[in-house]
Amino acid sequence: MPDYQIAPSILSADFARLGEEVDNVLAAGADIVHFDVMDNHYVPNLTIGPLVCEALRKHGIEAPIDVHLMVKPVDRIIPDFASAGASYITFHPEASEHIDRSLSLIRENGCRSGLVFNPATPLNYLEHVLDKVDMVLLMSVNPGFGGQSFIPATLAKLRAARQLIDSSGYDIRLEIDGGVKVDNIAEIAAAGADTFVSGSGIFGCARPEDPHGYDNILQQMRDQLALADSA
Ligand code: DX5
Ligand code: ZN
């Protein structure tokens, strides 16, 4: 079975209790903390910055933090996220004037680098930088908001990205972000994803009064992934 990793997006967590929410979802078996950074410029929403990333580290979070930059420009903020404790930093090619430079900057700052592809963005941007990328993130919704529906055309794009990665021979994770739930995670895995962001599918699906809510959702996702692999 591939090394499947589940990355809850804290965009759908209860921000008033963020540290506890992240503790709980990690205790339930999540692998990575997906951290959505929006600037009300590149995308029409405004969220969180390096201070919150640093606060999670100070709170004691040791799991990888996967910083998804939906900001333009990107370079100015990369070192700040690196010092705040980011593990991965991914950005959208449309938001950087110099994609190769931004990717290198992320690695120079000690983080793993990634490129993010909007639903209509072609994978061509990858061709000349495969050696500088640790993660490819395909958006299966238009970026900016949680709770949207998975765009089915992303499945074919996942297959294409999987082929590109495998034939490159590089060790690159293939992450999917947007509308991922228990009921579609298996077909997404079968299309080639190995890292699954889910916001409303995890934080929005557990009832607050159920202390094992996250355990149940994560277990159901793991069961679906096991099924995908045996199919
Ligand atoms: C959207 C963000 C996503 C978002 C996913 O721009 O990048 O990470 O939180 O939320 P769901 O899983 O609810 O689609
Ligand atoms: Zn995201």
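The values are calculated or read from the model by the stated rules, or taken from the named source; none is laboratory data. Every value quoted in this text rests on a predicted model; they were computed, and no experiment measured them. All Cβ positions, even for glycine, are placed from backbone atoms using ideal geometry, and neighbour counts span all protein chains on display.
Worth pointing out:
- Considered as a group, the residues in the stretch 1-59 that are within 13 Å of ligand 1 (Cβ to nearest atom) and acidic (Asp, Glu) include one that is nearest to Leu69 (Cα to Cα), and that residue is Asp36.
- Look at (1) surrounded by 14 or more Cβ atoms within 10 Å (Cβ to Cβ); (2) not in a strand (DSSP E or B) and you find that Leu138 fails only one, number (2).
- Any hit, the stretch 20-39, residues being within 16 Å of ligand 2 (Cβ to nearest atom) and over 30 Å from Ala186 (Cβ atoms): yes
- Meets criteria (at pLDDT 95 or above and surrounded by fewer than 23 Cβ atoms within 10 Å (Cβ to Cβ)) for Leu174: yes
- Scanning the stretch 110-144 for residues that are within 14 Å of ligand 1 (Cβ to nearest atom) and more than 22 Å from Ile78 (Cα to Cα) yields Pro119, Thr121, Ser140, Val141, Asn142.
- Within the stretch 177-216, considering residues that are over 19 Å from the mean Cα position of the chain (by Cα) and outside any loop (DSSP other than H, G, I, E, B), the one modelled with the lowest pLDDT: Gly213
- Evaluating Gly147 against the criteria (1) surrounded by fewer than 20 Cβ atoms within 10 Å (Cβ to Cβ); (2) without any contact (Cβ under 8 Å) to a residue 40 or more places away in the chain leaves one unmet condition, (2).
- Condition met for Phe81 (surrounded by 18 or more Cβ atoms within 10 Å (Cβ to Cβ) and in a helix (DSSP H, G or I)): yes
- Residue within the stretch 148-169 that is closer than 30 Å to Gly110 by Cα, touching a strand residue (DSSP E or B) at 6+ places or on another chain (Cβ under 8 Å) and outside any helix (DSSP H, G or I) present: no
- Any hit, the stretch 223-230, residues being in contact (Cβ under 8 Å) with a residue 40 or more places away in the chain, touching a Gly at 6+ places or on another chain (Cβ under 7 Å) and surrounded by 14 or more Cβ atoms within 10 Å (Cβ to Cβ): no
- Residues considered: Glu187, Glu175. Of these, the only one that is farther than 19 Å from Ala30 by Cα and of a type in the set (Asp, Glu) is Glu187.
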